1. Quick check on residue A:301: is it surrounded by fewer than 16 Cβ atoms within 10 Å (Cβ to Cβ) and either within 30 Å of residue A:413 (Cα to Cα) or of a type outside the set (Gly, Ala, Ser) (or both)?
2. Looking only at the stretch A:348-364, filter to residues that are surrounded by fewer than 23 Cβ atoms within 10 Å (Cβ to Cβ) and in a helix (DSSP H, G or I); which one of those is nearest to the chain's Cα centre (by Cα)?
3. Does residue A:368 meet the test of being in a loop (DSSP other than H, G, I, E, B) and not aromatic (Phe, Trp, Tyr)?
4. Before we move on, is residue B:387 out of contact with any Pro (no Cβ under 6 Å at 6 or more places or on another chain), surrounded by fewer than 20 Cβ atoms within 10 Å (Cβ to Cβ) and without any contact (Cβ under 8 Å) to a residue 12 or more places away in the chain?
5. Looking at (1) aromatic (Phe, Trp, Tyr); (2) surrounded by 23 or more Cβ atoms within 10 Å (Cβ to Cβ); (3) over 21 Å from residue A:482 (Cα atoms), which one does residue B:149 not meet, given that it meets all the others?
6. Within the stretch A:326-347, take every residue that is without any contact (Cβ under 8 Å) to a residue 24 or more places away in the chain and in a helix (DSSP H, G or I) and give me the one that is farthest from residue A:456 (Cα to Cα).
7. Which members of the stretch B:376-412 meet the condition of being within 14 Å of another protein chain (Cβ to nearest Cβ), modelled with pLDDT of 95 or more and in a loop (DSSP other than H, G, I, E, B)?
8. What number goes with the only condition from (1) acidic (Asp, Glu); (2) under 26 Å from residue B:325 (Cα atoms); (3) touching a residue at least 40 places away in the same chain (Cβ under 8 Å) that residue A:139 does not pass?
Amino acid sequence: MKTLLARTVIIVLFFLVCLSMPAFALDSREQKKASLLVTEINKTKDSAKLHALFNELGELYFNNNDFDGFLTALSSVGGGDNKGLALWNDYYTALARYRQLKYLEDNQLWEEYFANQNSWRTQITGSIAKVLEGTTTADPLRILSRLLLWRFYQDQQDPARELQLSGLMAETEEYAAGNAADIGLIKTAADELSSYNEKGNARQLYKIYVAKIVAPGEESGKIKKAALGFYSQGNLDLAEAVYDAYIERIAQAQGAAAAPELIEIARQFSYGDNRPNDPLYAEKVFARIEELGGKEALDEKLMYLRAFNLEKGKDFLAAKDRYRDFVASFPDNPENDEAQYKLGIITTYIMRDISGGRGYFTKLSDSDKVSPQVISAIYQLGLLAQWEGKNEEARRYYLALKDKAGDGFRETVALANERIAELDGSRPIEYNLKTFIDVSLRPQDVQSDRTKFELNCHPYRSPRNQDVNISSSYYYGDNGCLQPEFQYLWSGHLGAYHDVSNDSSTAPDSRGLTKPDTSQSAFTTQYIHNGSKEVNLVIVSASGVVDRNLDIVDVYDSPGTP
Amino acid sequence: MLEVRLKGFRSRKVFLLAASCLALCFFIVGMASRPKPAVWVKKFKGSRYELMAAGKPYVVKGVCYNPIPIGKGQDYDWWSDPNKPWLTDGRLMQEMGVNTVRIYKAGNNPGSVKKVISDMYNIYGIRTVMGHWLGFWEYPCPLYGGKEFQERVKKEVLDMVRLYKDEPGVLMWILGNENNYSCFGQVNPWSTDEIDKETDPAKQNLMRARVYYSFVNELAAEIHKIDPNHPVALGNGELLGLEVARDVSPDIDVVACIIYRGKGFGNIFNSLKSIFDRPILISEFGADSYDAYLGKEDQNMQAFFLQAQWRQIYQNLATTKGGAGNCIGGAMFEWADEWWKHNEYDADGWSRHDAESNWSNPSYYFDIKAANNKNMNEEWFGIVALSKEDESGLDRRIPRKAYYLVREFWKNPVLTDPPRKK
């Protein structure tokens, strides 16, 4: 029995060790497949087929991180006077070494990395040089080689990368202008450029690729399907380029009748917390719908969605215009309070128009309804009055708020109580909040224009009592080792926050809430009641205010998109 | 009569021509025989530059040097340390191939400073780059627009030059370090009444930069008068502000940049050519050897970054084809760990090798997932670690992996040339 147990333990340990080891050599089935592929490669003359076979062979080994095994397999490829095959061999030799170096670096397998890096780099450039010598721009292999060479220098941040990039672009365009044997290669190049954040160059190649696939005789249905496919892959740049072509085609063919299809596309790209979206592209489509079918082409839900999209795309001024149209056109819509409140916030703090903003808040506060936005609007009226030194007026607003809120809206009531305590104690408005209002409304702070750092929330539409991540990002630029120290002055509706840096909840303060401290550029919070929650941030450095920004989270009973 | 006049005219013309030729010969001979400065910058076509020392091309293979022992703070006068740390360090540096040490500020005792410079040079062949902070870390902030402040700093700088200019081991002077950031309000902010009157913050920044770089140029011009034998470098954080320096700092010979961009330097070499056409010395760069994410020392990570950085420096030397050709070398930060750096005010901490990070830099990506993304460990930048174990009165020096890898790179700098255009 003991022996059996010991054997079982040994076998289990053996399997555990095997599992924990990085994959390496191919198993017998894979080896058999590899040798069949090599045989087939040696027999094949067709370039496109060779590419596919080499790729299949490569992936077999690369998936097992068996780069040396792949190179051994390559040694059985070619021979004789098949120059074309030899060039493919050179390319894949370079690719294998490139991936091997990356693998070693990513996994910090330094001994092997340090021992081989120089010779492998030389092998990469040497092999690619041979391919470039033996090919023309009509040859797909040359484009693949250019792409690999650029990635190689790009990864190393080598000065040669700029030259290689312009070479890649020029030759890919030349390739596309000719009888491109494999147009998918243009997309491959664009995808790679996009993954390296070379968005402009990627878009340029996507445009060329789209022009190739959207040939005049191509069926519209196929184009739409292709666009949807790219969207589903998360490749929004390409999806948008294909949709552009599709939209133009159906708009020309159908005119206003194309509106329903365009609405579908606009919805697809509209803001969503957990799916690919591009609110500004959605707006472009909305504008086209309006162009085709007039304002009436958009119903109240779509008008709200359009405004909401612009808000999430941070185009607050355009969002304000759309919310205003929505409020004017559909005064009884359930989203009206939200739109009114956002109009107040945008007008006051983004446009620096205190009286205009107050108008929207007043309209809400005068309402007989009791909604989260009505309560928040009264708070804003009190706050603005307090900031202007009209303390008794402010107190009246806060008391009215408490009266109207009853036992609900605890978060906003807590803020009102805090303000009342300040009035009672003849104290100024809490520092963070006052600083935010100062730099948002004082004429001398007009340079605080919300451009120096980003403020984002996720999700933007959250159910109650669920985590919302709020983060700011300031681009430091390259600044040596002297990183400016910032203070983050958070204010507004911050919910019941907990510290994301150590992921431990902190005890609520006397208001039943907590607040991120000035060292935190991000935090996670939860909201306990519905409404539109404005989050304010001012970043301060040793030399003063860097900038201010605000964002809005919408809290609902249940999650969903508008 | 006419003939006589013509003859006279001709003979005068011949005489003038002969005199001109003679003068030209004297000028050419004079130029040729005029001794070159001990250290100077040679310019080639295409804004490529090479540093020349003792008549030979000189690639700066440098380290930033500030050997504060364990348990001591930044004010420790290591120059006067009876155990002479520079002798132990110099030997190790020589074995590695280091030819230059960069000093941020000379010690207070000129005799000790001279001794260090001459020992380094005479025993190990290592030259010294002498620096000055230009009052950057003074309290309150440096008032670069104030005459009194300027005069005091100028006196300090020129005194330094007068004291050490004749030391054969001196390579060049570096004025400031990352002082330019103060012009842009990022650190140690300062202003003047005139700047305060300007309401546009962007214009204020440019005004400050103009004041600062004009002052540095004034210092450079004065140094050249006293010491024609050594170049003057402008210490600058990244390239920030150099478009202003181009207009107001003609007397600067070299731009000495402080760069922390992970495994490379980006487009800095070519960018500098278009912004301020001067040779570039990467006067401070490097990587720490502590993985803030895993909470342990990682010498390989540091070695990886340093080797990649040196490769880029070499790719941009004047002698390397394909690169920018304006780089004259670099000085790694730094030779040995400094245990006081995490908190300079906590004397107890000076004996502790602190692993808490103070700043974040995503370019050093291996440990960027550390808490709050703080991955840079200020006390772990040495390519030589210190041990509390005593060795001849000094903390024992333990070369890290970077020491050996950079040594091998210097012996055999393998670069990857792009394939020639077909």
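1. Spelling it out, residue A:301 is indeed surrounded by fewer than 16 Cβ atoms within 10 Å (Cβ to Cβ) and either within 30 Å of residue A:413 (Cα to Cα) or of a type outside the set (Gly, Ala, Ser) (or both).
2. First, the residues of the stretch A:348-364 that are surrounded by fewer than 23 Cβ atoms within 10 Å (Cβ to Cβ): A:350-356, A:358-359, A:362-363.
Okay, now just the ones that are also in a helix (DSSP H, G or I), so A:350, A:354-356, A:358-359, A:362-363.
Numbers: A:350: 24, A:354: 33, A:355: 36, A:356: 34, A:358: 34, A:359: 35, A:362: 37, A:363: 36 Å.
Residue satisfying both the conditions and the ranking: A:350.
3. Here the answer is yes, as residue A:368 does meet what is asked.
4. yes
5. Every listed condition holds for residue B:149 apart from (2).
6. So the residue we want is A:328.
7. B:377, B:381, B:400
8. Evaluating residue A:139 over (1) acidic (Asp, Glu); (2) under 26 Å from residue B:325 (Cα atoms); (3) touching a residue at least 40 places away in the same chain (Cβ under 8 Å) leaves (2) as the failure.
The values are calculated or read from the model by the stated rules, or taken from the named source; none is laboratory data. Bear in mind that the values here come from a model prediction, so they are computed numbers and not experimental data. Counting neighbours? That spans all protein chains shown, and the Cβs are built from the backbone with ideal geometry, glycine included.
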